[in-house]
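Here is the structure we will look at, set down as structure tokens.
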Amino acid sequence: MIEHRLRYYATKQSMISIGIIWALIILFILQPGIAHDGAEAGAQLFVHALLPYLLPYIILTQWLLKVPVENPSKKNWKRYMKAYVLGSFGGFPVGAVTVTEMVKNGELSRRESGYLLAACHAPGPMFILGFVGTELFGDTTSGWKLLAAIHIANILFLLFTLIAIKGNQQELDTSQPLVQKNRSSSPLLESLRDSSTVIILVATTVIFFSSLGNVLTTAISKAFTVDLGITKTVLLALFEMTSGVQSATDHFFTHPVFPFLVAAIISLNGLSIHMQVFVIAKTTDTPLSPYLLSRVWSVITVPIFLYFLL
């Protein structure tokens, strides 16, 4: 009886997914120009706002993590700080890349990786200061304050993470032997190869979700009487963070809530970044519950911290 019910729900879920996919395919066919504009906007954002800030740091981080270390530190706090420093300052999804690489190297357990994936997830300083601060806010100081608000929230979550890890130390799955990855004889070459995979993943999700957000925005605005600026900003923020931030700038730049809206959108991340993290985390079966909890924490706290800093 239970097995039959589970099979029924699985079949129902598959049918719903197929229905949604076909509906989206039809929307894309009916609005090829809108889909093209969204994809083009996503590609431009990737090339101008993400690639220059993200690629160099990913290569260097991967290279550093692949360099053989004869006597790696066994002290927990050193390993956690290594993950935080390398993962939190390179932009999305460098935190996920760093944590999963440390799991592959045997430096973190599976449960530790789940907590640290959540704590080490942050936009890069070059993106916040260069793109958001200089280009959107028109003020590097405001960019620094937003960066500080993000890391205050992350550090507090990291402290909660350390408490949680320590409280569950006896339950950690470190008793299960981790598969040690053979150390590379060419760390730079491997870092270039792996970084290209991550960059392609980022480009794919950014372009796809930007196009999807554009198509849905147009469809909803035609079907219902809604404010186009609000609808476009909300949908793009849900699907693709950078596009959502750009839309918020276009429609809410003169509004007093603008910097806090940008802080919330960046903290929310959008499905594009979440898909990047999920794909990368799946390579080491990293738990995602702490990551999802951290997104809720950041959306609530980062705009509040920014309010007190501005």
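Below, the figures for the structure above:
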| quantity | calculated |
| --- | --- |
| Taking only Cα atoms of the range 182-310, radius of gyration then Dmax in Å | 17.7, 61 |
| Relative contact order of the chain, pairs being alpha-carbon contacts under 8 Å that are 6 or more residues apart, as % | 25 |
| In range of the label at Glu135: residues from the range 242-257 whose backbone nitrogen is under 11 Å from the point 7 Å along Cα→Cβ | 242-243, 246 |
| Helix 241-252 axis, angle to the chain major axis (alpha carbon atoms, nearest 10°) | 40 |
| Principal axis box of the range 266-310, alpha-carbon based, largest edge first, Å | 40, 18, 12 |
| Once the Cα gyration tensor of the range 1-128 is diagonalised, semi-axes √(5λ) in Å | 37, 27, 10 |
| Top of Asn154, Asn105, Asn214 by mean-square fluctuation, Gaussian network on the chain, Cα under 10 Å | Asn105 |
| Potential lengthening between Ser196 and Asp285 on full extension [0.36 nm per residue; Cα-Cα distance subtracted] | 29.9 nm |
| Alpha-carbon centroid distance for the pair the range 225-281 / the range 62-130, whole angstrom | 26 |
| Arg5 - accessible surface, heavy atoms, 1.4 Å probe, Å² rounded to 10 | 130 |
| Long-range amide H partners of Leu108 with built H, under 5 Å | Val103 |
| Pairs from Lys82/Lys104; Lys12/Lys282; Lys75/Lys166; Lys166/Lys282 whose Cα-Cα separation, in the structure shown, is over 18 Å | Lys12/Lys282; Lys166/Lys282 |
| Selected from Phe252, Thr141, Thr98, residue furthest toward positive end of dipole (the chain; charges at beta carbon) | Thr98 |
| Using alpha-carbon coordinates, inclination of helix 271-282 to the longest axis of the chain, degrees | 30 |
| In sequence order, calculated HN-Hα J values of the range 115-123 (Karplus, 6.51, -1.76, 1.60; Hz; x Gly/Pro) | 5, 6, 4, 5, 7, 9, 9, 7, x |
| Square roots of five times the Cα gyration tensor eigenvalues for the chain, Å | 33, 25, 20 |
| Cα→Cβ-extended label distance, 7 Å offset, between Ala223 and Leu60, nm | 4.7 |
| Residue (of Gly270, Ser221, Gly130) at the positive-pole extreme of the chain, dipole from beta-carbon charges | Gly270 |
| Calculated from backbone phi, Karplus (6.51, -1.76, 1.60) coupling profile of the range 75-90 in Hz, x at Gly/Pro | 6, 4, 5, 5, 5, 5, 5, 4, 4, 5, 5, 6, x, 8, 10, x |
| Cα→Cβ-extended label distance, 7 Å offset, between Ile230 and Met126, nm | 3.8 |
| Rounded tilt (10° steps) of 51-66 against the dominant C-alpha axis of the chain | 20 |
| Net dipole in debye of the chain [+1 Lys, Arg Cβ; -1 Asp, Glu Cβ; about Cα centre; nearest 20] | 880 |
| Karplus-derived 3J(HN,Hα), 6.51/-1.76/1.60, for each residue of the range 9-22, Hz, glycine and proline x | 5, 5, 5, 5, 5, 5, 5, 5, 4, 5, x, 5, 4, 5 |
| Residues Leu156 and Asp250, FRET efficiency given R0 of 41 Å [Cβ-Cβ distance, rounded to 0.05] | 0.80 |
| Accessible area expressed per residue, the chain, with surrounding protein chains retained (probe 1.4 Å, Å²) | 51 |
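The values are calculated or read from the model by the stated rules, or taken from the named source; none is laboratory data. Worth saying up front: this structure is predicted, and the values here are computed from it rather than measured. Because the Cβ atoms are built from the backbone with ideal geometry, glycine has one as well, and the counts that use them run over all protein chains shown. We work out accessible area using only protein heavy atoms, side chains counted, and drop any ligands, DNA or RNA first. Shrake-Rupley method; radii C 1.70, N 1.55, O 1.52, S 1.80 Å.
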